[in-house]
Amino acid sequence: MIWIEILSRQREVAARFRITAAEVRIGRGYDNDVVVDDPYVAAQHLRVFRHDDGHLVAEDVGSANGTFIDGNRTRLSGFIVDGKQPIRIGQTYLRIRDVNHAVERERLASPERHVLPIVLAVVLGLSLPAIDALKIWLTQTGEPRASTYLSPLLMLITSLLVWVGIWALLCRIFAGRSHFLRNLLIALIGTAVFTLYHELVQYLAFAWTSSSGVNYEYAVIWLIFAAICFFHLREIGRTRLWLKGAAMTAVVVVGIALQALQQSEAFSDSGRQRTVHWLMPPMLRAVPLKDQSTFFGAIGDLKGRLDGDRS
């Protein structure tokens, strides 16, 4: 008995055929035991039979595009099947296994905890608007209006739903399941991390006159964005994570490089970093205020240096 498995792009089993004959023929023609709907597969492409020593042997019967082991570009005419490495014919991946092929031990199922992710999503979903509303209340200098609080809230909810919906749709297409809750948690955690960092550096800039975190906030944004995308891609498929990580790393490097170039150009144009600081209540100011004489003394020193540069 021989098992033929058709694999998806994520190397997951898409179809499985049980063959009781001593020989299996695979191809696009309808006279085969396993018919592969792939225009790059020959009408009679592959022949699988059992050798005298008991091993399964796969033999290319003269196809134009050849037969390959996954990850190897060497064209093979005949080889012993090990049941582990996928075989590529055309653009289709196969796996051939004997009935006595040893499978891995069953995984231990973790206890179902559907309540915890839902609670975490609710807590994060309520915390983000609360933090946003608190920031608006602290930095508001005019009369309070409902639209000032509702507009950012609606924009945040709409952006999250659109973002999560896109990734859930991709998971549905490529993985068969949407994983909406998982994608929602990834987006909420990433947004929470960015929000907390943003508010922290804004507070440090106001309270302690430390603008380094604000000046280089773009680098942190790119890192958080890449991490969110990587975890979304992992939900689509757990295979080739190194390739997905390398792609996200390249995105981070290019994004930070371009942003740094823009920052340097802005500095050369205006002579300083273009950063905007929130105006917060004076009680949050940690650095002591300077008196009037100190301020005008600093102005006098600056004027002296300017006069020296002009001369």
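The values are calculated or read from the model by the stated rules, or taken from the named source; none is laboratory data. The structure displayed is predicted, hence computed values, not measured ones. Quick reminder, even Gly has a Cβ in these numbers, built from the backbone with ideal geometry, and neighbours come from all protein chains shown. Note: areas computed on protein heavy atoms with side chains; ligands, DNA, RNA excluded. Shrake-Rupley method; radii C 1.70, N 1.55, O 1.52, S 1.80 Å.
Applying a threshold of 6 Å to beta carbon distances and a minimum spacing of six or more residues, or different chains, the list of pairs starting in the stretch 206-219 at a residue that is touching a residue at least 24 places away in the same chain (Cβ under 8 Å) and ending at one that is in a helix (DSSP H, G or I) reads 207/284; 211/205; 214/201; 214/205; 218/259; 219/256. Is it true that residue 65 is assigned to a loop (DSSP other than H, G, I, E, B) and surrounded by 11 or more Cβ atoms within 10 Å (Cβ to Cβ)? Considered against the rule, which asks whether it is assigned to a loop (DSSP other than H, G, I, E, B) and surrounded by 11 or more Cβ atoms within 10 Å (Cβ to Cβ), residue 65 comes out as yes.
Checked across the stretch 177-184, the condition of being in contact (Cβ under 8 Å) with a residue 60 or more places away in the chain and open to solvent by 40 Å² or more (accessible area, probe 1.4 Å) holds for at least one residue.
Comparison of 261, 188 shows that the only residue that is modelled with pLDDT of 85 or more and either open to solvent by less than 50 Å² (accessible area, probe 1.4 Å) or touching a helix residue (DSSP H, G or I) at 6+ places or on another chain (Cβ under 6 Å) (or both) is 188. Looking at the stretch 83-121 only, could you name the residues that are free of Cβ contacts under 8 Å to residues at least 40 places away in the same chain, under 28 Å from residue 180 (Cβ atoms) and open to solvent by 80 Å² or more (accessible area, probe 1.4 Å)? Scanning the stretch 83-121 gives 106, 107, 108, 109, 110, 111, 112, 113, 114, 115, 116. Total residues in the stretch 33-50 satisfying the condition of being of a type outside the set (Asp, Glu), open to solvent by 70 Å² or more (accessible area, probe 1.4 Å) and more than 13 Å from residue 2 (Cβ to Cβ): the figure is 3. Residues of the stretch 199-228 that are under 26 Å from residue 254 (Cα atoms) and of a type in the set (S, T, N, Q): 202, 211, 212, 215.
Inside the stretch 117-170, residues that are in contact with a Pro (Cβ under 6 Å, 6 or more places away or on another chain) and not in a helix (DSSP H, G or I) make up a count of 0. Per the listing 101, 179, the residue uniquely at positive phi and out of contact with any Ser or Thr (no Cβ under 7 Å at 6 or more places or on another chain) is 179. Selection within the stretch 138-176: residues that are more than 25 Å from the chain's Cα centre (by Cα) and β-branched (Val, Ile, Thr). The member of this set that is farthest from residue 285 (Cα to Cα) is 148. Filtering 130, 168 for residues that are free of Cβ contacts under 8 Å to residues at least 60 places away in the same chain and touching a helix residue (DSSP H, G or I) at 6+ places or on another chain (Cβ under 9 Å) leaves a single hit, 168.
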